[in-house]
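Please read the structure below before turning to the comments.
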Amino acid sequence: MGYRLTRRSLFSAGAGAAAIGLAGCATQAPSALAAETRGAFPPEPAGKSLFGPAAGLALLSRNENPYGPAPSALRMIASSAEKGAYYTNDEAVKSLASLIADRHGVSPEQVVITTGSGEALSALALIYGPKGPIVAPRLFWDTTALYAAKLGMATIVRIPLTDDMDMDLAGIDAAITPETGMVQLCNPNNPTGIAKPGSIIRPAVEKMAEKTTVVVDEAYIELVDDEAEMTCIPLIKDGKDVIVTRTFSKIYGMAGIRVGYTVSSAETAEKIRNTLMSWTPCTSIAAAIGCYDDHAFVSYSKSKIVEAREMVTTTLDTLGLTYLKSQTNFVYFRSGLPANDLAKAMAAEKIAIRGQYMDYTPWSRVSMGKIEDVDRFCKALPRLLNA
């Protein structure tokens, strides 16, 4: 059964609960420059807990998949933890790289296993940032590029989004110069959630790669309607100067376990290996081996995320609010209130959503968590807007 709501039921949801007024919630918007140097990580949500969200907190701010890790991953974690006295065997890393290589039709030498895709992207910023500016959309997951920038090893050239909040691929291509260090894209993009189809992004990336290295962050690619049609990995197989990064943090629900990987040429892969900053634990490698081909879990996770996303978009449609079409586990929308004000009002209800990105004051982002937590958001939103 679909998520059926009316405007009246939305605004009457939670009747009897004290309305949370927005007076006093207003916050001063940061300057664009200050926001661009702060990074994409949201603030720590309220409440204390050693692991995961505090009791009673609907954590919808970090794009996590609360349905993971898969039982297949947990079994491997338990088994490998018993061998935790020993450093991770190279054989385990090679086994995971072979699984990934087989699926994508590349050689294991072209796959680098990393501590989340964040480590891979940080390493790439350290490799290519000193060569020249990192050219990227104005909104993208910029934390790893900023990692190098804060070390004085990179600068970021941000290309404005289009009027419909999409990546301006033509503008990015036009900004490439002989001094450019690399281009960094995120498809689907974060925080907008918009996915560029393969028929558009592949020719654009191929053209850019004739002039510089192009990194495509595909953290959310398993959530799109047609992964095979959209991924840029075929460009790597065609010998183009392209690097794709992926992660087990999203569809596999292992954000806290930290496993990611890159696919590139074998030569580039060796550069990445030489720049990595940590050693992925045996428990993380084991978890990834255990769940990588767990198609039943992946399908289940995707179905729950899509169900939650439809709940959110139904609520936004009923309220007549603007939002961007997402193929991810989050939705970027305009509530009519400043994003930080809405985030504070939600926090008072023990619901954590993302606050403002840079100077995009009207735009809020909500992630897809457990269905009951998303339901709390859907019921709270109209009441807070009507307070």
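Numbers for the structure displayed
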| read-out | value |
| --- | --- |
| Nearest-20 debye value, the stretch 71-291 charge dipole, Cβ charges on Lys, Arg, Asp, Glu | 580 debye |
| Beta bridges per DSSP with both ends in the chain, % antiparallel, nearest 5 | 50 percent |
| Set of aspartates and glutamates near Lys302 by C-alpha distance (under 14 Å), chain-local residues within fewer than 8 positions excluded | Glu64, Glu222, Asp225, Asp226, Glu227, Asp294, Glu310 |
| Derived scalar couplings ³J(HN,Hα) [the stretch 294-306; Karplus, 6.51 cos²θ - 1.76 cosθ + 1.60; whole Hz; x for Gly, Pro] | 7, 5, 5, 5, 4, 5, 4, 4, 4, 5, 5, 5, 5 |
| Neighbour net charge for Glu179 - beta-carbon separation under 12 angstrom, K R +1, D E -1 | +2 |
| Amide H within-cut-off set for Tyr67, under 5 Å, with H built and near neighbours excluded | none |
| Cα-based Rg of the chain normalised by 2.2 N^0.38 Å, two decimals | 0.99 |
| Lys/Arg +1, Asp/Glu -1 at C-beta; the stretch 103-211 dipole; positive extreme among Val205, Thr155, Gly171 | Thr155 |
| Contour minus Cα-Cα distance for Thr314 and Lys211 (0.36 nm per residue) | 32.8 nm |
| Extreme residue, positive dipole direction of the stretch 37-125, given options Ala58, Thr114, Ser95 (C-beta unit charges) | Ala58 |
| Value of Rg to Rh for the stretch 71-291 (Rh from inverse mean 1/r over Cα pairs, i.e. Kirkwood) | 0.97 |
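No lab work stands behind these numbers, since they all come straight from the coordinates. Bear in mind that the values here come from a model prediction, so they are computed numbers and not experimental data. Heads up, the Cβs are rebuilt from the backbone with ideal geometry, glycines too, and the neighbour counts pull from every protein chain shown.
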